[in-house]
Amino acid sequence: MQSAPAPAETAGGSAPAPAPEAATSGAPEAASPPALPGGATEADDALIDGRRRPGFNKELPDKVDQTNPGAVSAPPPEAYYDKYDGEGPVGALGLDVGVPDRWRIMGSLCPKKDPQTGARDRALFTLFPKLEYVCHSTLDPFHHSLLKGDHPLSKGQRPGFLKGDDWFFIANAVSDTVIEPRTFPIPVGNQTTTRPNSIDVFGQSNSLVLSQTFIAGFSLLKGMTAFKPPVIEYRVAVGANITHVEVPERRVLYVEPSKGTTRTTGFVGLQEAFIDYHIGRFDTKRYDFVSLRAGIQPFQSDFRGFLFNDNQLGVRLFGNRDNNRWQFNLAAFWRIEKDTNSGLNDVTQPLRRDWIFTGNIYRQDFPFVGLTSQVSLTYNMNRENRYKSDKNGFPARPALLGDIRPRQYDVVYIGYAADGHVGRMNLTAQAYAALGEDRNSFITSRPAVIKAFMAAAEASYDINWMRFRLSGLWASGDSNPYDGTEGGFDAIFENPQFAGADTSYWIRQSIPFAGGGRAVSLNGRNGILNSLRTSKELGQSNFLNPGTVLAGVGGDFDLLPTLRVSANVNHLWFQNTRILQVLRNEGSIPNSIGWDTSVSAIWRPNASQNLVFRLSGAVLHAGSGFRDLFAQEGGGSRYYSVLANATLAF
C-alpha cells in the first residue's frame, strides 16, 4: 500500500494537524497528554506536536520583589465600596455622598468662614499649600469666579425657568478715563469773539478734554462652552459717559455764541442688547457651528476697522466650516442715532433711515500658510431726506456744503483683506472699491455716479523684543466735482487700528473745516480719511472729498513684560485738492498735510488687560497744504495732542 504524501508546511514552518477522518486504521494512536489531579490538562501539554503559542516562553523569569521606601501603600480591600446600582436598598458597602461638579471640586475644599468669628481655619493650607491658590474672593478677576462664568449657576442661584445645570452668568465692568490736552485750528466766531479785536479766521488753538466712561455688561448663557459655542446667550451692556471740554473760542462747543467756551455733559447709552442662538443641527465633529444673533451687537467688517466698526441694531448669521478653515458672516443693520458728545447709542431717538447689508467669508492659510484672506460685499442704503441737527445746535445732516439739500445714496463696497504672516513677516492688507449712485451731488444738485477706491497695507518684522513696521494707505480723492462722478473714498463708520491708531495726531483729532466750530470737519475723530463730513457718528458718507495718502514707519519695543513703548512717524497728503479749491474758492492748494510723529508708553502692571495705563504724545508738523487751509493766529505750524488714559476692567 502506497503511503500518503507528507502534508505541506505552513508559512510558519510547521505542518497542519491531520483531520481525524484522514487517519487510517493502521496508524498508531497519539499519546494522551498527562492528566492533572481532578482530570485537568495544562495548556502547553494540550498543544499538538510542532505547534506553539506565539510570543509565549514556557520558562518564566524569576519573580521580582520591588520595594519603594517612603511610598504610600495601597488601601486594603475593605477601604473600597461598591457603587449603588439603583437596585434594592443601599447596603452596608454602599456610599451615598454628594460629589461637587467638575467646576467646584477644588473650591469645595476651601475652608469656610466661622460664622461667629469671621475667620478661616488655615490649617488645611499647611498640608496642601497649593490649595490656597484657588481659595479667593469671587470678586477677584484673576481666579475662578461665579461672576466670570467659571462656575455654572447652581439650582438655588438661578431662576426656576432656566432648566439644566449648564447656565453660566458673566458680568464685566470697564472704567475708561481720558485726560487730553491738545491744539488744533479753531475758527473765530462770526457773531462775537471771546477776546476783543480777535478778527482773524482762526484764533487760539489750545483745548482740553476730560472724559470718564463706565461700561457694565451682563451675559447669561447655556452650554458646556469648553469646546463649542453656547447653546443660547443673552447679553446686555450699558455705557455711561461724563465729558468736560474747554476751548478758547466761542461757537466751537455750541452754535449759540452766548453759551460760552466750556461744556459738561453726561449720557447713558445702550451699547449691546442681543440674543445669540446656536443652531446645533449644523454642528460637526470638529465643533464647526452656525449661530444667529439678533439685537444691538458689535460688528467689524474687516481686520483693522477701515469700513465699518460699530455697535448697531441688526441680525447676523455667522459660523465656520472645515475645522475652522472657513468662517462667514451674513448681516443686516439698521443704524441707531448716536449721542453728539459721548458717541454712545441713543435709543430714545428714532432710528436712522440708513441700512447696511454685508457678507464676508474668510479662508485660513490662503494663499500662503499663516495668512488669512477675506472677501466681503457691503451695501449701504441711505434714505435720509430730513434735516437733522446735533445736540449742540450744529447741522448734522445734510452737511453745510454746496446746495445744502438732503442727500440720499446707494453704494456697494467690494473688498479684499489679508491678515497674518508670510514666514517671519507679519502682514495686513485691505482694498476696497466703492461703486454706486449719489442721488443729489451737493455741487451740481444732480445725481452722480460713485466710483472710489482705497488700499492699505502694513508689514512688520519681529526681532526679539522689537517689532518694526511699514504702513501705507491710499484713498482716492475727487478730481472734478462737476463731471457727474464722485471719486473720493469714504467709509461708513471707520475706527482703524493702523499706523499708530489713536496715538497718531491725525487719527485722534478732528480738524474743523467749514460752518464754524464742528459743523463740517476735514477728517473724523478716530478716523484716518479726509471725508468732509459733519461727523462719523451723525453725518453721512461723502464721496466728494480730497482723499488721503499716508506713508509711515513705526516700532513697538517691549522693554519689560509689563511695559511697551511705541513710536510712529507718518507723512500725510491730500490725494487731490480740487474739491478743496472749489469749496474755498482758491486757485491752488498744495497736497502736503504734514508730518505726524507720535510716541506712547503702555504699562500693564499685572501683565494683563485688567489694568492698562497709557501716556502718549503726538505732534503734527503742518505741511504746505495744511498751512494754506488753516492759517493759525501767530503763524503757528505745529499742533500737539497728549493722551493720558487709564482702563480698569473686571
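Data for the structure
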| item | result |
| --- | --- |
| Accessible-area order (highest first, 1.4 angstrom probe) of the listed residues Asp62, Asp558 | Asp62, Asp558 |
| Residue-count net charge about Gly260 - beta-carbon cut-off 12 Å; Lys, Arg +1, Asp, Glu -1 | +1 |
| Accessible surface of Ser510 - all protein chains present, 1.4 Å probe, nearest 10 Å² | 10 Å² |
| Per principal axis, descending, Cα span of region 329-478 in whole Å | 54, 34, 29 |
| Rounded accessible area of Lys451 (nearest 10 Å², 1.4 Å probe) | 110 Å² |
| Residues of region 553-597 with amide N under 17 Å of the 7 Å Cα→Cβ point at Leu400 | 583-585 |
| In sequence order, calculated HN-Hα J values of region 139-151 (Karplus, 6.51, -1.76, 1.60; Hz; x Gly/Pro) | 8, 6, x, 9, 9, 4, 8, 5, 6, 9, x, 6, 10 |
| Net charge dipole size for region 336-380 [Lys, Arg +1 and Asp, Glu -1 on Cβ; Debye, nearest 20] | 140 debye |
| Whole-number D in µm²/s for region 395-501 (Stokes-Einstein; Kirkwood sum over Cα pairs; 20 °C, 1.002 mPa s) | 133 µm²/s |
| Percent accessible area from carbon and sulfur atoms, region 557-616, protein chains only, probe 1.4 Å | 59 percent |
| Extension gain (nm, one decimal) between Phe282 and Leu131, 0.36 nm per residue minus Cα-Cα | 50.2 nm |
| Gained length - Tyr640 relative to Tyr387, 0.36 nm times residue gap less alpha-carbon distance | 87.6 nm |
| Region 469-512-region 400-448 distance, computed between alpha-carbon centres (Å) | 10 Å |
| Stretchable slack from Val268 to Val178, in nm (0.36 nm times residue separation minus alpha-carbon distance) | 30.7 nm |
| Point-to-point label distance, Ile414-Gln116, nm (Cα→Cβ direction, 7 Å offset) | 8.1 nm |
| Percent carbon-and-sulfur accessible area, region 440-529, ignoring ligands, DNA and RNA, probe 1.4 Å | 57 percent |
| Proximal charge balance of Ser291 [Cβ under 14 Å; K/R count +1, D/E count -1] | +3 |
| Nearest-0.05 FRET efficiency for Lys163 and Met425, computed from C-beta distance (R0 60 Å) | 0.70 |
| Separation of the Leu615 and Ser588 label points, Cα + 7 Å toward Cβ, nm | 4.6 nm |
| Set Lys130/Lys228; Lys155/Lys285; Lys113/Lys228; Lys391/Lys536 screened for pairs whose C-alpha atoms are more than 27 Å apart | Lys130/Lys228; Lys155/Lys285; Lys113/Lys228 |
| Calculated FRET value between Gln581 and Arg325, using beta carbons and R₀ = 35 Å, to 0.05 | 0.10 |
| Point-to-point label distance, Ala567-Arg353, nm (Cα→Cβ direction, 7 Å offset) | 5.3 nm |
| FRET E, pair Asp558, His244, Förster distance 22 Å, beta-carbon r, rounded to 0.05 | 0.05 |
| For region 411-543, with +1 on Lys and Arg beta carbons and -1 on Asp and Glu, the positive-most of Pro481, Ile507, Asn426 along the dipole | Ile507 |
| Solvent-accessible area, 1.4 Å probe, carbon plus sulfur percent, for region 306-358 | 58 percent |
| Net charge of neighbours whose Cβ lies under 14 Å from the Cβ of Ala551, counting Lys and Arg as +1 and Asp and Glu as -1 | -1 |
| Separation between Cα centres of region 371-399 and region 564-589, rounded to whole Å | 23 Å |
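The values are calculated or read from the model by the stated rules, or taken from the named source; none is laboratory data. On a predicted model such as this, the values are computed, not experimentally measured, just so you know. Here Cβ is always computed from backbone atoms with ideal geometry, including for glycine, and neighbour counts include all displayed protein chains. Side chains included, ligands, DNA and RNA excluded: accessible areas come from the protein's heavy atoms. Shrake-Rupley method; radii C 1.70, N 1.55, O 1.52, S 1.80 Å.
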